[in-house]
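A short worksheet on the structure shown next.
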Amino acid sequence: MIRERALKILLVLVGLACLAGLYPLSGALRDGTASTINRQDQMILSIYIALGVFLLIAARQPREHRSLILFAGWSTLAHDGVMIVPGIQYHASTARKIGLAKRIADHLSRASIPSQVSASIDGSCSAVPNRILAHSSPIPTGNSSP
């Protein structure tokens, strides 16, 4: 019960954070070609704004929207994985690399949470099969010795 409540709060916070992109996007669209936000960033902002709306909807009943929640986490992880290459190529600041590493570790830790028990159509309870996440291992910290 506490875990589901925490998930609902997290979904609302992330949904609102995604919707916060509406402010810079509306300014960029208003400014037109004089905008300081490039077109690629405008495109990803519009995707995150739409995702934020759906995450807020999913916050009401997270068990029914599990695939959307997993999509949000894994797509963000995939985007971060792709964007780390230009960051390394263009020698992004160390603070950005540390922030990205924390974000990736956060997504991986959420992805390794065991699946919940859900009620099947006939009303009996059964574990939701999750072959991918069931075999995931914890993130190595580098501080432990073998």
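Any read-out appearing in this document is the output of simple, stated calculations on the displayed coordinates, not a laboratory observation. Quantities reported herein were computed from a predicted structural model and do not represent experimental measurements. Every residue, glycine among them, receives a Cβ derived from its backbone with ideal geometry; neighbour counts consider all protein chains shown.
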| remark: Charge dipole of region 2-114 built from unit charges on the beta carbon (Lys, Arg +1; Asp, Glu -1), centred at mean Cα; most positive-end Cα among W74, I2, L22 is I2
| request: Give the peptides 32-41, 63-72, 48-57 in descending order of average Cβ contacts within 10 Å, highest first. | output: 48-57, 63-72, 32-41
| task | Report, in debye and to the nearest 20, how large the dipole of region 2-114 comes out about its Cα centre when Lys and Arg carry +1 and Asp and Glu carry -1 on their Cβ. | result | 320
| Of the peptides 12-23, 78-89, how do they stack up when ordered by the mean number of other Cβ atoms within 10 Å, highest first? | 12-23, 78-89
| said: Can you tell me, using C-alpha contacts under 8 Å and at least 6 residues apart, the relative contact order of region 2-114 as a whole percent? | reply: 27
| field | Three semi-axes of the equivalent ellipsoid, region 2-114, Cα gyration tensor, whole Å, largest first | value | 26, 20, 11
